[in-house]
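Q: Quick one: structure below, then a few questions.
The values are calculated or read from the model by the stated rules, or taken from the named source; none is laboratory data. Every value quoted in this text rests on a predicted model; they were computed, and no experiment measured them. All Cβ positions, even for glycine, are placed from backbone atoms using ideal geometry, and neighbour counts span all protein chains on display. To get the accessible areas, we keep the full protein, side chains included, count just its heavy atoms, and leave off ligands, DNA and RNA. Shrake-Rupley method; radii C 1.70, N 1.55, O 1.52, S 1.80 Å.
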Amino acid sequence: MSNTYIQVRTNQNDKEQASAILDKLGTNISTVVNMLLKQIIMTKGIPFEIKMNSPYNEDEEIIEINATMAMEDLALDRDDVKLVREYQNSSADQQENIRKRLISELQES
């Protein structure tokens, strides 16, 4: 098996900081890139979670949801807040069921 080269453009400061950390761990950027490539092959995807950080904490998210609902003359009670939190920690199928249940409850009121 022959080796090939990968060129990556990155910020010089980021490279230096990462190299210093990896050196303390007894490895280097090349080895870590090879480890990442092997993990991508094994998992058939990116082997770590990539997500946007929320600009809100959990309580602020509830306040934002409540304010949005208030624009539609809808109230958010404690049970609704529980449903929202349950929704955040559920699978896609469970989220759809929660969404339908919440909409149904709001339409009834």
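Q: Within the group LYS15, LYS24, which residue is over 25 Å from the mean Cα position of the chain (by Cα) and among the basic types (Lys, Arg)? Walk me through how you get there before you give the answer.
A: Details: LYS15 fails: over 25 Å from the mean Cα position of the chain (by Cα).
None of the others qualify; the one that does is LYS24.
Q: Related question: Considering every residue within segment 15-28, establish whether at least one is part of a loop (DSSP other than H, G, I, E, B), out of contact with any helix residue (DSSP H, G or I) (no Cβ under 6 Å at 6 or more places or on another chain), at positive phi and open to solvent by less than 100 Å² (accessible area, probe 1.4 Å).
A: Taking every residue of segment 15-28 in turn, at least one turns out to be part of a loop (DSSP other than H, G, I, E, B), out of contact with any helix residue (DSSP H, G or I) (no Cβ under 6 Å at 6 or more places or on another chain), at positive phi and open to solvent by less than 100 Å² (accessible area, probe 1.4 Å).
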